[in-house]
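Read-outs throughout are calculated quantities, based only on the coordinates presented, and are distinct from any laboratory measurement. Computed from a predicted structure; not experimentally measured. Cβ: placed from backbone, ideal geometry, glycine included. Neighbour counts: every protein chain shown.
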């Protein structure tokens, strides 16, 4: 009985993990997604969730698009591992709409150097301090479009490509807009913004211009500072209470 329960829980966790990677149950489904978590010092973690055909059509990577061809994680790793980047994980593939998807997790010490890495060479990155604030910009240029890509892989062009940012400080200004309404979007929980584009536009090389202006102090640093201040205040109050109690005790003993 316990074995069956454990197996069911494991299956549920696997399903949720796959859905999260593919954007299914937990949000939009992306054909290609770059999810960048930026630190205030310029270091970053970049997670790529993409179908293998998207890696071929958008980035020109030599990965197998035929589902019958064996998937080799070490070959995927080698395409993203450079002197600038450190690949910490290549997932097992999952399937959606007949296509195989993969997740690659990458660490980089300086986000401004990501453009030196072949899979991300379509972008230019800047991260600088300006007028007492931090400014991040990324411009995504032309894809490595392969003729006939939409027909070859069963796409209709409405599939979505996304560039998501997890930002370390309070956002002052940004250029993210809703894909359907073209209205400015609000950062979601955790200071997350997304720039989305239809696959047909990304294949055609329509640029994506990302701009975020944020405060110079990280949210984590501010939270730790506030927590430390609250803890110190609590300690001071406790010490004063102990001192007051001991003083009252001495006064009581002297009176007696």
Everything considered on the Cα gyration tensor (a ≥ b ≥ c; rounded for a/c under 1.5, else prolate if a/b is larger than b/c, else oblate), the stretch 31-150 must be described as prolate
From fewest to most C-beta neighbours within 10 Å, the residues 201, 66 line up as 66, 201
Here the gain from full extension of residue 216 to residue 129, 0.36 nm per residue of separation minus their alpha-carbon distance, amounts to 30.6 nm
Given 28-36, 182-190, the highest-first ranking by average Cβ count within 10 Å works out to 28-36, 182-190
Residue span residue 66 to residue 158: 0.36 nm per residue of separation minus Cα-Cα distance leaves a gain in nm of 30.9 nm
If R0 = 35 Å, then residue 145 and residue 41, at their Cβ-Cβ distance, give a FRET efficiency to the nearest 0.05 of 0.50
Note: residue 209 to residue 81 extended length (0.36 nm per residue) minus current alpha-carbon separation gives 43.5 nm
Mean separation of Cα contacts under 8 Å (at least 6 apart) over the residue count of the stretch 60-109, i.e. the relative contact order in percent, is 33
